[in-house]
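Below: one structure, written as structure tokens.
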Amino acid sequence: MMSHIPRLNGIQTFFVIWSGQLISTLGSQMTRFGLLVWAYQQAGAATALALLSFFSVSAYVVVGPFAGVLADRLDRRRVMLYADVGGTLITAALLALYATGRLALWNVYLAQTLKGACEALRGPAYTASVTLLMPREHYARTAGLRSLSGSTAQVLAPFLAGLLLPFVGLGGVLLVDAGTFLIAGIALLVVRIPRPAPAHGGLSARAGAWEDIRSACGYIFRRPGLLGLLLIFAGMNLLAALTYFGVLSAMILARSGRNAMALAGVQSALGAGALAGSLLVSAWGGPKRQIHGVLAAGGISFLLGDFLFAAGRTVPVWVVAAFVSAFFIPFITSANTAIWQTKVIPAVQGRVFSVQGMLQNATAVVGYLAAGPLADLLFEPAMSAGGSLAGTFGWLVGTGPGAGMALMFVGTSILGGTGCLSGYLFRAVRRVEEDLPDHDAGPKENTP
């Protein structure tokens with residue numbers, strides 16, 4: 001069968017893979033929306049929704065480093081295929097449980113854990129493959145296109161799922177998701193991804209898995225600019241998990257009387273903002289100094305987007321907040337990805353990127369775990385009518401259901417905005433592109 005795979009150049013190969021992943025992401029986002037609504041109907045609490053993300057990201061953190069080792073040792077196309085097959089089987093299991101009336105919250109949490117592991121397997125292999133397929137000057141645009149696929153799905157998935165749920169239920173959405181995984185797998189079957197050149201400088205491709213992970217940690221820690229970027233992203237992920245990913249859906253449902261279409265509108269606005277930002281990044285390539293895309297765009301997203309979510313009490317304001325906050329995310333992610341792709345040698349990108357993902361997402365695990373209890377046990381009671389904080393902050397975020405979660409957004413707006421902009425105070429971060437040699441600068445410059 002391999003002999004019949006057509007010979008595609010690097011750019012063509014990327015677009016075949018990207019198209020399949022776009023379709024798969026659309027199905028996954030539809031399922032995620034359906035499960036969010038289903039879980040809130042079952043539990044009626046923010047904690048239930050935050051735990052969906054907690055289990056997914058926890059699996060990514062635990063499995064990620066080992067997945068990165070596999071991405072460097074095995075054919076990266078096969079690694080992504082294994083991830084897509086795994087995603088199909090997990091969705092099929094959820095569908096069977098739902099169809100037989102036996103689906104429970106713990107089943108969904110387990111499925112999210114396993115899907116997180118599959119994503120941990122796919123992510124480093126996908127990013128490291130792009131480095132081999134695309135010219136360096138297109139790294140930022142390529143990252144923008146990957147963000148574009150996610151934001152396109154985020155625009156379409158809530159409305160498609162919202163329209164399908166009343167007619168075919170969660171089972172129909174799960175069936176669509178399984179089909180999109182198969183399409184992504186077929187796209188991977190018709191391409192080849194080249195092997196990277198052997199590693200040098202002590203990063204052996206034949207060491208044990210733990211040695212690979214240790215060496216990847218050392219690779220990052222010996223480069224203060226990359227370590228600083230990682231720490232800033234870890235802070236962003238912690239704050240985003242507390243509100244943006246942890247309680248946003250619960251806040252919208254609580255403040256709209258559990259209106260699924262209101263949530264769909266906000267989710268789609270998030271996607272529309274990310275889509276607009278992705279299109280701009282894909283066409284422009286981002287700022288000449290990519291570090292501005294991380295620090296400045298991150299600061300603006302937190303300061304404007306989170307504050308509007310906090311102060312808003314109607315769907316139109318939430319839609320504006322969603323668009324504004326999400327518009328800057330492709331600038332952040334594409335700039336960060338381009339910097340790491342440029343500075344890390346291709347042969348070890350799988351393990352280095354997976355360790356990077358593990359460390360910067362570990363804080364997100366803490367955020368997801370804390371988001372629900374903070375909302376349900378602390379901030380929501382404090383912002384109820386007559387609550388301990390209602391008199392102080394009620395003028396800004398209102399009182400009653402959802403107001404406590406809105407107050408959490410005030411905190412992340414201030415902390416996130418100042419945290420991102422503080423990166424300019426550190427030379428290693430501010431000048432990471434100038435001070436750290438590119439991966440193709442030569443072995444001597446890239447020796448750990």
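Values in this text are rule-based calculations from the coordinates and carry no lab data. A quick note: this is a predicted structure, and the numbers were derived from the prediction, not measured. Note: ideal-geometry Cβ built from the backbone for every residue, glycine included; neighbour counts use all protein chains shown.
Data table
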quantity: Cα shape, the chain, gyration tensor, a/c 1.5 rule; calculated: oblate
quantity: Degrees separating the helix 291-300 axis from the principal Cα axis of the chain, which is the longest one; calculated: 0
quantity: Full-stretch length increase - Ala96, Asp438 - with 0.36 nm per residue and alpha-carbon distance subtracted; calculated: 118.2 nm
quantity: Inter-label distance, nm, simple model (7 Å from Cα along the C-beta direction), Val366/Ala428; calculated: 1.9
quantity: Distance in nm between pseudo-label sites at Arg192 and Gln41 (7 Å out along the Cβ direction from Cα); calculated: 4.9
quantity: Separation in nanometres of the label points that stand 7 Å from Cα toward Cβ, at Arg73 and Leu110; calculated: 2.8
quantity: Over the chain, relative contact order from alpha-carbon pairs under 8 Å, at least 6 apart, %; calculated: 26
quantity: Debye, to nearest 20: dipole size of segment 1-143, +1 on Lys, Arg Cβ, -1 on Asp, Glu Cβ; calculated: 160
quantity: Whole-angstrom gap from segment 277-353 to segment 218-249, using each part's C-alpha centre; calculated: 13
